[in-house]
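To keep things clear, I will list the structure first and then write my remarks on it.
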Amino acid sequence: MFEDKVSLLLYALQKAFQAAPNRLMTNNVYSALLAASINASSSEDGLNFYDSGHRFEHPQLLLVLLRSLPFAARSLQSRALQDLLFLACSHHENRVSLTNMEEWPEWILEVLISNYEMGPSKHSDSTSIGDIEDLIHNFLSIMLEHSMREKDGWKEIEATIHCAEWLSIVGGSSTGEHRIRREESLPIFKRRLLGGLLDFAARELQVQTQVIAAASAGVAAEGLSPRDAKAEAESAAQLSVALVENAIVILMLVEDHLRLQSRQSSSRAAAGSPSSLSHTYPTNNRSISLSTVEESTEIMEDGKSISTDSGGVPLDVLSSMADESGQIPTSVMERLAAASAAEPYESVSSAFVSYGSCAKDLAD
């Protein structure tokens, strides 16, 4: 009974903040909410949120704050995003607490999309849409780049894209021009997020390739023993495999995005007027996802015998390819990359099945 009363109280508090954000969600109220979320006393003089010792201890209060942010002034949104980003980066537990919430990443995407929806006229303060957009993309990039280094990290990225699709096409209750701006935010968001993650994967893979080549040849700067050099190479190779697998799925999402944009542009040109994304997205994306699944299934069946029999290039073979300085020639790496790209990875085969599944849900 007591827990039910607390939940009702928190719900009422959240609705009050959403109904009158300018009058109720002040800087002092925000500071008190965040301080209570990390179990810090807001009465302390000079309370510093930028303390690596703070942990999120009261998720229910934190949720009230996060759900109220889309309705708050941009200046307060900017302050909250910076504080939350620092707390998330200062300790692994805080990052896990944020990403394990059912509302992740919905709350932060709603902040971004609602700002696009309202346009430049939302609350006349010094913080612009561009400032909020930069903060949110930095926030998401830090979170998702961490996922890129982990096996099956592509699932977090795909879930983020699907959440953005749902919020921009179905979410909100706006109509008219506001609805159009809300839908137009989706391709902008996807282009920037996916492009940034691909750049990150390319940089990381280049670094890991150099690490693997040096360790495999046994010429690491520290003068590692053959056993230590092999262990270092295997560790780097595992990270590289996770990066490559996740990058493959991101490329699939990019292809899906480009196909959709092409079909939408064609439909607009044929109609002679702008068409709503919600009218073209579900139908077109359904045909894309189904055809892609069928094509991908055929590819996986054709390459199954190859991928199951192949365990990758052995480290001793890589070592034999290295020159006297421990570097593998670029031409050799290009051939290895081409051979790897020719075979789909078994561990990301499930991505072909879920590819575009959000669009089918929207269509239904």
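In whole Å and largest first, what semi-axes does the C-alpha gyration tensor of the stretch 79-138 yield when each eigenvalue is scaled by 5 and square-rooted?
24, 13, 8
Computed over the alpha carbons of the stretch 163-218, Rg followed by Dmax gives 19.7, 64 Å. Figure legend: label point modelled 7 angstrom from the Cα of Gln210 along Cα→Cβ; residues of the stretch 235-249 with amide N under 20 Å from it are 235-244. Between Leu24 and Ala231, the FRET efficiency estimated from the beta carbon spacing at R0 = 56 angstrom works out to 0.50.
Place a point 7 Å from the Cα of Arg149 along the Cα-to-Cβ direction; which residues of the stretch 172-216 have their backbone N under 17 Å from it? It comes to 197-212, nothing else.
Length available on full extension from Ala270 to Glu184: 0.36 nm per residue minus the Cα-Cα distance, which gives 29.0 nm.
None of the figures in this text is laboratory data; all of them are computed from the coordinates on show. The model shown is predicted, which means the values in this text are computed figures rather than measured ones. Quick reminder, even Gly has a Cβ in these numbers, built from the backbone with ideal geometry, and neighbours come from all protein chains shown.
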